Amino acid sequence: MQNSKTGTVPSAAPRILVLGATGGTGRLIVGQALTRGYDVTALVRSPEKAQGLDGATLVVGDARDETALRRALEGRDAVVSALGTPVSPVREVTLLSSATRALVDAMKAERVTRLVAITGIGAGDSAGHGGLLFDRVIFPLLLRKVYADKNRQEAIVRDSGLDWVLVRPTVLNDKPGRGAIRALTDLSGFHGGTIARADVAKFVLDQLRDGTWTHRSPLITW
């Protein structure tokens, strides 16, 4: 991980900001980061939603609010975005892109450069690789508008000038993590797949100290 102020790898444990910390994957990211000894701040909409995030420093605010983001970014080395949004078959979705745009501006203002953001299979050039049910039924009927916003989110990250990684998990499950996963960018012949949230959390946190996937968009799966 690059220290945004010195350009060197910090010897101390990373100081991270987690967005989407109250979601299923976000909670695992916070828990695993604390287990690793990381200094964790979580931006949450309300303290009530943050029950169970013991050990993390909570900052209350909206992820679309640059002022709240800058407050949460104080003293941080990196950001993990696990932001999600509900299924929206009819209404337009803008949360992911608007929050990411505000985040990029706040990170630049606070001189924090490392960003690891979770999107999902179906974003960008991973579209059409989710398997028959996902690609033909779930995606067009339930997720089309969500993924239109994920694509806008990814474009903002790619154009940000930050040291970014876009992580695209396959279909998430709540099974125990296996520890060993595949990270792919060549999706030739790949269709479908699933992965535990716990393994996604581990992979995401690994990227804070490993530059292998910087400026790339790996799809991760079992």
Exercise. Taking the range 173-204, which residues are of a type in the set (A, V, I, L, M) and touching a helix residue (DSSP H, G or I) at 6+ places or on another chain (Cβ under 8 Å)?
Worked result: Ile181, Ala183, Leu187, Ala198, Val200, Ala201, Val204
For this session: Consider Leu115 carefully, then state whether it is in contact with a Phe, Trp or Tyr (Cβ under 6 Å, 6 or more places away or on another chain), of a type outside the set (S, T, N, Q), within 14 Å of Gly20 (Cα to Cα) and buried (at least 21 other Cβ atoms within 10 Å of the Cβ).
Result: yes
Exercise. Among the candidates Ser188, Ser217, which residue alone is out of contact with any strand residue (DSSP E or B) (no Cβ under 6 Å at 6 or more places or on another chain) and assigned to a loop (DSSP other than H, G, I, E, B)?
Worked result: Ser188
For this session: Please state which one of Ala63, Ala56 is buried (at least 16 other Cβ atoms within 10 Å of the Cβ), closer than 16 Å to Leu17 by Cα and more than 16 Å from the chain's Cα centre (by Cα).
Result: Ala56
Problem set entry | strands (runs of 3 or more DSSP E) (entirely within the range 42-154) containing at least 2 residues that are farther than 27 Å from Pro14 by Cα | none
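Based on what the data block shows, is Val200 more than 22 Å from Phe134 (Cα to Cα), among the hydrophobic types (A, V, I, L, M, F, W, C) and in a helix (DSSP H, G or I)?
no
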Exercise. Does any residue of the range 128-139 turn out to be in contact with a Leu (Cβ under 7 Å, 6 or more places away or on another chain) and not β-branched (Val, Ile, Thr)?
Worked result: yes
Exercise. Here is a list of conditions, (1) farther than 27 Å from Asp149 by Cβ; (2) out of contact with any strand residue (DSSP E or B) (no Cβ under 7 Å at 6 or more places or on another chain); (3) crowded, with 22+ Cβ neighbours inside 10 Å, and Asp77 meets all of them except one; can you say which number that is?
Worked result: (2)
For this session: Could you please find all residues in the range 140-169 being hydroxyl-bearing (Ser, Thr, Tyr) and closer than 17 Å to Trp213 by Cα?
Result: Ser160
Exercise. Among the residues of the range 129-161 satisfying the criterion of being touching a helix residue (DSSP H, G or I) at 6+ places or on another chain (Cβ under 6 Å) and not charged (D, E, K, R), which is farthest from Phe190 (Cα to Cα)?
Worked result: Ser160
Exercise. Considering the range 27-41 alone, what residues qualify as being part of a loop (DSSP other than H, G, I, E, B) and either loosely packed, with under 13 Cβ neighbours inside 10 Å or more than 19 Å from the chain's Cα centre (by Cα) (or both)?
Worked result: Gly37
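A short reminder: the numbers here are calculations on the coordinates, not readings from a lab. Not measured: the values here are computed from a predicted model. Neighbour counts run over all protein chains shown; Cβ positions are idealised from the backbone, glycine included.
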